[in-house]
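Reviewing the structure listed below.
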Amino acid sequence: MTLSTPQKLVGITAAAGLLVALAGCGSAPEASSTGDAAGEAVDGFTPCLISDEGGWNDKSFNESAKAGMDAALEELDVEGIELESTTPNDYAPNLEQLVAEGCTFIVSVGFNLSAATVESALANPDIDYAIIDDLADNDFNGETDAPNIKPLVFNTAEAAYLGGYAAAAWSEQSGVNKVGTFGGMQIPSVAVFMDGFQLGVEKYNEDKGGSVEVLGWDMGTEEGLFTGGFAANDTAKQTAQNLLDQGADVILPVGGPVYQSAAAAITDGGTDTLMLGVDTDLAVADETVADLVLVSVMKAIDVAVRDATIEAAGGDFDVTPYVGTLENEGVKLSSFHDFESQLPDGLTDELTALQDAIVSGDITVESPNSP
C-alpha cells in the first residue's frame, strides 16, 4: 500500500514546522530535523516497514513512520516493502514475509511488535532492524535483546509536560479547572504521555496557585482509563464520554485512532471540550477535527525513520538507540493554530521558558515510562 503524495507530506510537515516548542539533542542520528542529503544505497539495499494494528491511516505513529520511510525511498531511489498489520496475529507472519522477500533493513512500528521483532532479529543476524517506541529489552536487563536492532524511542513526557501546562491554563481560563486523559493500551509509550501531561498540570498549579484537576490518570499509582486497544470504537467513545461526564473541558486521548472516538463523543455531546493530539500535528493530519484540537504533543517519528533508513542504506548501521527529546527536536509541541488568539495572556512565553528550562536541565521531567 502506498500513500498519495499529500499523505506522504503529512508527517514531514508535522515534524518540521508550526512549532511552539522545538525539540533538541540526545543519542540522535547525525541528521537535523530536516535530515541530511541521502547518499547512494549499497547494492541490494531493500528497506521494509511493518505497521502495528493501527494501520497506515491512523493519523498518528504508523502513518508518520510510513511518511518517513516513503521520504527515504524517494531520496535513495530504491524500492521498499511496507506491510500493514490488522491484528497482533499478523506481526510474526509479516516479519517472516519481509525476510523471505529479501529485506535488508526492517523497521517495526510500535511496542507491541517487540517480541516478534527480537525473535526475527535473532534468527536473521545479517539483517538490520529498527523498532519504534521500544528498547527491545524484553528481559529488562538494560540491553537490547538482539545486537542488530536500533531502538527509536522518544522521551515524550517532556513535550506532554508542555501540553499539560497549556491544557491547565486553558481550563482555568474557562473556569472549569478539570482536564482528563485516557489511553489505548497501558504500555510505556502510551503512559509516558499521560505522565508528562499530569506533571505539566501540576507545574501550572504550582506556578499559578491553580487547582486544575487531572481525571483519568494517577501517575503515583500508574492507574487510569484505558480502552484495551488502539481502535476507534464504542469502547473508546465510552471512555472519552466518562471524562466528559466528569466535566473535563480538555482531554488527551493517547492511542492513534482513539482520538476519532473522543472527537465523536465531544461532537455528539455538543460540549465546548477540546482535545490534544498525539504523535503528529493532528489539526494538520486530520482537518476534520481541527476545530477540536487545542494543540498536539508530537514525536518526530518520520524524521527518525527517514534518518535510520538512510544510515542503513550506507552499509554502516549504528544500533545505538535514538532518543527523541525537546533538545534534539525528537519531541515538540505544535502550533495552537486557530486557538492562538484565544490563549491566556503570556502562555506562549511561559511555554518557551519551560522548554528552555527542560533543555538546560533546570527542570527534569521524570516519568517511570521514559526511555
Next item on the list: Treating only the Cβ atoms of Lys and Arg (+1) and Asp and Glu (-1) as charged, compute the dipole magnitude of the chain about its Cα centre; round to the nearest 20 debye.
Entry: 720 debye
Check: By how many degrees, 0 to 90 and rounded to 10, does the Cα axis of helix 114-123 deviate from the longest principal axis of the chain?
Finding: 10 degrees
Next item on the list: Take every DSSP beta bridge whose two residues both sit in the chain, then give the antiparallel share in percent to the nearest 5.
Entry: 15 percent
Next item on the list: Give the angle, between 0 and 90 degrees and rounded to the nearest 10, that separates the Cα long axis of helix 5-16 from the longest principal axis of the Cα atoms of the chain.
Entry: 60 degrees
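Using only alpha carbons, build the gyration tensor for the range 97-194 and give me the equivalent ellipsoid semi-axes, biggest first, whole Å. List each step's numbers first, then the result.
On the way: eigenvalues 279, 30, 23 Å².
Sorted largest first and rounded, they come to 37, 12, 11 Å.
What number comes out for accessible area per residue over the chain if the probe is 1.4 Å? Units Å², please.
On the way: 14130 Å² over 371 residues.
In whole numbers, the chain has 38 Å² accessible per residue.
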Next item on the list: Would you please state the base-10 log of I(q)/I(0) at q = 0.15, 0.19, 0.20, 0.28 1/Å for the range 159-230, with intensities from the Debye formula using one equal scatterer on every alpha carbon?
Entry: -0.44, -0.68, -0.74, -1.22
Notebook entry, point to check: Residue farthest toward the positive end of the dipole of the chain, with Cβ of Lys/Arg at +1 and Asp/Glu at -1: which of Val118, Pro47, Gln173?
Noted result: Gln173
Notebook entry, point to check: Carbon and sulfur together cover what percent of the accessible area of the chain at a 1.4 Å probe radius?
Noted result: 46 percent
Notebook entry, point to check: How much mean residue ellipticity at 222 nm does the chain get from its helices, if each DSSP H run of length 4 or more adds -39500 (n - 2.57) and you divide by all residues, to the nearest 500 deg cm²/dmol?
Noted result: -12000 deg cm²/dmol
Next item on the list: Report the residue, chosen from Tyr161, Tyr204, Tyr129, that carries the largest GNM mean-square fluctuation when the chain is represented by alpha-carbon nodes joined by springs under 10 Å.
Entry: Tyr204
Checklist line | Of Lys59/Lys299; Lys208/Lys237; Lys203/Lys237; Lys178/Lys237; Lys66/Lys150; Lys178/Lys208, those spanning more than 22 Å from alpha-carbon to alpha-carbon | finding: Lys208/Lys237; Lys203/Lys237
Checklist line | Point-charge dipole on Cβ atoms (K/R +1, D/E -1) for the range 294-350, about Cα centre, debye to 20 | finding: 240 debye
Check: Which whole-number percentage describes the relative contact order of the chain, with Cα contacts under 8 Å and a sequence gap of 6 or more?
Finding: 26 percent
Next item on the list: Using packing as a proxy for protection, rank 104-117, 139-152 so that the peptide with the highest average count of other Cβ atoms within 10 Å comes first.
Entry: 104-117, 139-152
Check: When the chain is modelled as a GNM with alpha-carbon springs shorter than 10 Å, which of Gly80, Gly196, Gly330 fluctuates the most?
Finding: Gly80
Next item on the list: Using per-residue counts of other Cβ atoms within 10 Å, averaged over each peptide, order 62-74, 228-240 from highest down.
Entry: 62-74, 228-240
Checklist line | Top positive-direction residue, dipole computed over the chain with Cβ charges, set Ser64, Val250, Gly196 | finding: Val250
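Mind checking the dipole of the range 111-263: about its Cα centre, +1 per Lys or Arg Cβ, -1 per Asp or Glu Cβ, Debye to the nearest 20? If you can, show how the numbers build up before the last one.
Details: 5 positive and 22 negative charges, 120 e Å.
Dipole magnitude for the range 111-263 comes out near 580 debye.
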Notebook entry, point to check: Against the longest principal axis of the chain, how steep is helix 258-269, in degrees 0 to 90 to the nearest 10, with axes from Cα atoms?
Noted result: 30 degrees
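The values are calculated or read from the model by the stated rules, or taken from the named source; none is laboratory data. Note that the structure is predicted; figures quoted are calculated from it, not measured. Quick reminder, even Gly has a Cβ in these numbers, built from the backbone with ideal geometry, and neighbours come from all protein chains shown. Protein only, heavy atoms only, side chains kept; ligands, DNA and RNA dropped before computing areas. Shrake-Rupley method; radii C 1.70, N 1.55, O 1.52, S 1.80 Å.
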